[in-house]
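Asker: Below is one structure. I have some questions about it.
The values are calculated or read from the model by the stated rules, or taken from the named source; none is laboratory data. Values in this document were obtained by computation on a predicted structure and should not be read as measured data. Heads up, the Cβs are rebuilt from the backbone with ideal geometry, glycines too, and the neighbour counts pull from every protein chain shown.
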Amino acid sequence: MKGNQHNVEPDEDLAAAILGGNHESFRVLVIRHDALVRRVVGRCVADPMIVEDAIQETWCQSFKNLRDLVNPASLPAWLTKIATRCAWEQQRKLVRCQVIFDSPVLFEELV
């Protein structure tokens, strides 16, 4: 993709191109929707490290599960759902780790 084409090509076409093996189209999709994903994750969690992990996981999950997207025109809503789930999961992981490491009995079981 040359120039500013990523502002013109519809999400549906990008999704089809990605599924066809065009990884450059995924980069364009990430650039286009990164602000949305960051906003969604930022509303779910406050810790900047968790936010970054959840954003990364959102993009990994979206790439991995793009074939499951039924209506490519609803891609922003689909990404919002994935981002919310990833943010919550990252938050749960942090809480579980804090419980384990704050508890001497549980921590001793790990080592």
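Asker: For the range 23-70, give me each residue that is among the β-branched types (Val, Ile, Thr) and part of a loop (DSSP other than H, G, I, E, B).
Answerer: Once the filter is applied, which keeps residues that are among the β-branched types (Val, Ile, Thr) and part of a loop (DSSP other than H, G, I, E, B), the range 23-70 yields 45, 70.
Asker: Please enumerate the residues belonging to the range 70-86 that are at pLDDT 95 or above and of a type in the set (A, V, I, L, M).
Answerer: Matches in the range 70-86: 75, 77, 79, 82, 83.
Asker: Would you be able to tell me the number of residues in the range 46-68 that are small (Gly, Ala, Ser) and modelled with pLDDT of 95 or more?
Answerer: 2
Asker: Looking at the range 77-98, is at least one residue touching a helix residue (DSSP H, G or I) at 6+ places or on another chain (Cβ under 9 Å), aromatic (Phe, Trp, Tyr) and touching a residue at least 24 places away in the same chain (Cβ under 8 Å)?
Answerer: Looking for residues that are touching a helix residue (DSSP H, G or I) at 6+ places or on another chain (Cβ under 9 Å), aromatic (Phe, Trp, Tyr) and touching a residue at least 24 places away in the same chain (Cβ under 8 Å), one finds at least one in the range 77-98, hence yes.
Asker: I'd like to check something: does the range 7-21 contain any residue that is under 21 Å from residue 90 (Cβ atoms) and part of a helix (DSSP H, G or I)?
Answerer: Scanning the range 7-21 turns up no residue that is under 21 Å from residue 90 (Cβ atoms) and part of a helix (DSSP H, G or I).
Asker: Could you check how many residues of the range 20-45 are at pLDDT below 95 and over 16 Å from the mean Cα position of the chain (by Cα)?
Answerer: Total satisfying the criteria: 1.
Asker: Please specify each residue of the range 42-90 satisfying the condition of being within 25 Å of residue 17 (Cα to Cα), among the hydrophobic types (A, V, I, L, M, F, W, C), surrounded by 14 or more Cβ atoms within 10 Å (Cβ to Cβ) and in contact with a Phe, Trp or Tyr (Cβ under 8 Å, 6 or more places away or on another chain).
Answerer: Listed by number, the list holds a single entry, 69.
Asker: Give me the pairs: first residue in the range 22-49 and of a type in the set (Phe, Trp, Tyr), second residue part of a helix (DSSP H, G or I) and surrounded by fewer than 18 Cβ atoms within 10 Å (Cβ to Cβ), beta-carbon distance under 7 Å, and six or more apart or on different chains, which are they?
Answerer: Close Cβ pairs (under 7 Å, with a partner that is part of a helix (DSSP H, G or I) and surrounded by fewer than 18 Cβ atoms within 10 Å (Cβ to Cβ)) amount to 26/63.
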